[in-house]
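The values are calculated or read from the model by the stated rules, or taken from the named source; none is laboratory data. Since this is a predicted model, take the numbers as computed values, not measurements. Counting neighbours? That spans all protein chains shown, and the Cβs are built from the backbone with ideal geometry, glycine included.
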Amino acid sequence: MLILYKYMPCNEFTFKALAVRGLWCHNPREMNDPSECLDILERTLPVPEIVKLHELIKSTPNSPLAMLANLPNNQVNKILSESRKRMANSFAFCSLSTKCDDVLMWSHYANCHKGMVIGIEPDTDEAQDSLQKVEYLNHLPDWNVEEYFRFMNGEDEFRHIFLRDLSVKSKHWHQESEYRIWRKQPGYWLYKEEQIKEVYFGVDCDLITKKVVLELLNFLPENFPIYEMEINKETLDLTW
């Protein structure tokens with residue numbers, strides 16, 4: 001069983017998300033990493049890949065990329081890169097982690113330990129496409145022009161490959177152990193009540209906030225695991 005954790009500040013947006021049973025998905029450009037989804041970085045195709053692209057265009061004359069057929073290589077790279085950026089920012093995602101006890105994430109994403117974390121078990125169908133594990137790299141990955149071409153031509157079976165290409169970050173972020181749930185546009189990814197498996201309150205979460213959250217989660221069974229984080233005085237890690 002895979003449980004993924006969402007760090008949440010306790011504010012009106014979190015309360016709204018809990019009320020609608022959903023996690024809000026943002027466009028990549030609204031995230032805090034300037035290289036999110038490799039958005040600002042120019043991807044350059046080597047000459048053999050551009051030759052392959054021209055062959056694909058010739059075999060598919062009605063392709064959305066048909067305008068690239070007679071352009072020089074530098075313009076092909078520029079237009080393809082801009083096309084990928086536009087397409088990337090037409091999608092939206094929410095971030096989750098495999099960790100519920102990361103001190104820095106509690107500090108950055110859960111209002112300095114005043115917030116909460118919910119553990120959610122993704123639907124098995126979700127894992128086949130929209131759910132992507134983030135890959136942490138210290139270099140730009142190769143860009144498969146044929147897969148991108150197929151995706152741009154509307155072959156939806158290549159959608160998950162495009163989303164996988166978007167789920168890449170610098171190794172500087174590796175401690176977040178991130179998964180992403182993707183949507184075709186900003187909005188809530190809605191989960192079923194039974195998909196919530198765990199709830200954690202931060203070290204400094206106040207009593208009133210806990211009461212509000214538990215009222216919003218009043219569908220949870222009586223024996224549901226609800227934890228309060230504590231600081232381990234020996235290791236300075238979080239425990240519960």
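Filtered by the rule that a residue be closer than 14 Å to Ala110 by Cβ and either out of contact with any helix residue (DSSP H, G or I) (no Cβ under 8 Å at 6 or more places or on another chain) or surrounded by fewer than 12 Cβ atoms within 10 Å (Cβ to Cβ) (or both), segment 204-227 gives Asp204, Cys205, Asp206, Thr209, Lys210, Tyr227. Scanning segment 214-240 for residues that are over 16 Å from Asp102 (Cα atoms) and part of a strand (DSSP E or B) yields a single hit, Ile226. Would you check if there is a residue in segment 201-214 being closer than 20 Å to His113 by Cα and of a type in the set (Phe, Trp, Tyr)? For segment 201-214, residues closer than 20 Å to His113 by Cα and of a type in the set (Phe, Trp, Tyr): present.
Collect the residues in segment 228-240 that are more than 16 Å from Met105 (Cβ to Cβ) and either under 27 Å from the mean Cα position of the chain (by Cα) or free of Cβ contacts under 8 Å to residues at least 12 places away in the same chain (or both), keeping them in residue-number order. Hits for segment 228-240 are Glu228, Asn232, Lys233, Glu234, Thr235. Out of the residues in segment 163-173 meeting the condition of being out of contact with any Cys (no Cβ under 6 Å at 6 or more places or on another chain) and assigned to a helix (DSSP H, G or I), tell me which one is nearest to Pro46 (Cα to Cα). Across segment 163-173, the extreme among qualifying residues is Asp165. All of (1) more than 30 Å from Asn62 (Cβ to Cβ); (2) at pLDDT below 90; (3) not in a helix (DSSP H, G or I) hold for Tyr179 with one exception: (2). Going by what's in this entry, would Cys25 be described as crowded, with 17+ Cβ neighbours inside 10 Å, assigned to a loop (DSSP other than H, G, I, E, B) and either at pLDDT 85 or above or of a type in the set (Lys, Arg) (or both)? No: the conditions fail for Cys25. Taken over segment 41-67, the criterion of being in contact (Cβ under 8 Å) with a residue 40 or more places away in the chain and in a loop (DSSP other than H, G, I, E, B) is satisfied by Leu41, Arg43, Leu45, Thr60, Ser63, Pro64, Leu65.
Here is a check on your reading of the model: is Lys16 more than 24 Å from Gln185 (Cα to Cα), modelled with pLDDT of 80 or more and basic (Lys, Arg)?
Values: more than 24 Å from Gln185 (Cα to Cα): no; modelled with pLDDT of 80 or more: yes; basic (Lys, Arg): yes.
Taking the combined requirement at face value, the residue does not satisfy it.
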